[in-house]
Structures are given as C-alpha cells and as structure tokens.
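Data block below; observations after.
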Amino acid sequence: MSEHGGVPGGGLVKGLAVTLKTMTRRSTTQQYPDVAPELPPRSRGVIALLEENCTVCMLCARECPDWCIYIDSHKEEVAVPGAARPRQRNVLDKFDIDFSLCMYCGICVEVCPFDALYWSPEFEYAEYDIKDLLHDKDHLGEWMATVPPPPAHDPLGDPSKEETTAARKAAGPSARPAPSRVRPDAATDPGGGTAS
C-alpha cells in the first residue's frame, strides 16, 4: 500500500494511460511560418494610428497604465474667414508607442474620442533589438491598411444616429422626422387617464 491509501503503482498506470491516449490521437500541429493561422475576428495584434483624426487631446497617453505612448505637438494658427482673430489648432509632431512596454489592454483605443486608434490583427512585428519596438507615427500609420472594417449592424437593431442623420439629409428639407414609437401602456398616466 502507498502512503496515500491507493494501489501501489497506480500513478504510473494513470500516467501511461494518458500517454497511450495521446499517442493514438491525430497531431494538430500548425506549420506556422508556412501556413498563416486563422485568428479570431477581434484579435489584438498591433495598434494602428489614423493621423488625420488625432487632435492631440492626450487622453490615450494619460490613460495608458504602462505609460508607453509618447506624444508631442505644436500649436498652429488657422485663419478663419469672418472671424475677428485666427484660431489655434494642435498639430501632431510625434506619436510613438513602445510595444516592448505595451500590455495590449486596449484602453487607448477605447478612450480615443475621435477614432484615431484602431486594433489591427497583425502580430508579426518581432524585432532583433528591443529598441526597434518603438513605433513612430509613420510606422503606426502603415498598420491602418490592415485594420478590418467594422462589423455590420444588427438588422433588427435600431439604426445608428449617423445613419439616421444621413437618411434625413438625403430625404431633403421637406422630410419630417418619423414619429417616435410609444408603448401602449406608456400612453396612460399612473392616475388612470391618458397623457396629454
């Protein structure tokens, strides 16, 4: 008897059973460099930058828990016709992400109010030197070509406000907004009468 109260050699028999079971299964090895893997639709690979949308609000850099986003900008005056004085706008000079520090949490993509950051499913950007994992705005902009289109809307769901606005503009100024849907039970007030 073993000290745990089982049959002597029981662990060895269990281990050999697992080995025999694995030996009879077909191998599922993927030949990675030659055959590209099938990634899930929402895979997180690398962060891409759409530079035209960036207003240098710094939200992504402030919310990043790893502090791996480095942004630099300058102010530029823009003359507006009819305005008393020129306006100022931020111009992006530097936008770097250090992927040796990034933990791929996606907070920067979520907090960006102007859709300047996107997830790309590309994951093959390994480097021989860790310093080469610091991607600048030009390198991040190249990843935009690999960003997949957004998923289609649910056909049974409500249309987005952008679609509603575009349909209203296309219909012209004579089109009236559609009446809002009111539930039958919401048309009466709690006192038993009808709402006026």
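Some notes on this structure:
- Every residue from the range 169-196 that is open to solvent by less than 80 Å² (accessible area, probe 1.4 Å), at pLDDT below 75 and among the aliphatic types (A, V, I, L, M): A175, A186, A187, A195
- Qualifying residue in the range 139-161 (condition: polar (S, T, N, Q), at pLDDT below 80, out of contact with any His (no Cβ under 8 Å at 6 or more places or on another chain) and in a loop (DSSP other than H, G, I, E, B)): no
- Verdict on I107 being β-branched (V, I, T), open to solvent by 90 Å² or more (accessible area, probe 1.4 Å), within 20 Å of C68 (Cβ to Cβ) and out of contact with any Lys or Arg (no Cβ under 6 Å at 6 or more places or on another chain): no
- Residue that is farthest from the chain's Cα centre (by Cα) [pool: residues in the range 60-74 that are open to solvent by less than 80 Å² (accessible area, probe 1.4 Å) and hydrophobic (A, V, I, L, M, F, W, C)]: I71
- Within the range 143-168, considering residues that are in contact (Cβ under 8 Å) with a residue 24 or more places away in the chain and not polar (S, T, N, Q), the one surrounded by the fewest Cβ atoms within 10 Å (Cβ to Cβ): P151
- Some residue of the range 116-134 being part of a strand (DSSP E or B) and either among the basic types (K, R) or more than 14 Å from the chain's Cα centre (by Cα) (or both): yes
- First in the range 106-128 and farther than 14 Å from A48 by Cβ and among the small types (G, A, S), second anywhere and open to solvent by 30 Å² or more (accessible area, probe 1.4 Å) and not in a loop (DSSP other than H, G, I, E, B), Cβ under 6 Å, 6 or more apart: none
- Inside the range 110-137, residues that are open to solvent by less than 20 Å² (accessible area, probe 1.4 Å) and of a type outside the set (A, V, I, L, M, F, W, C) make up a count of 2.
The values are calculated or read from the model by the stated rules, or taken from the named source; none is laboratory data. Remember, it's a predicted structure, so these values are computed and weren't measured experimentally. Virtual Cβ from ideal backbone geometry, glycine too; neighbours counted across all protein chains shown. The area values use the complete protein model at the heavy-atom level, side chains included, leaving out ligands, DNA and RNA. Shrake-Rupley method; radii C 1.70, N 1.55, O 1.52, S 1.80 Å.
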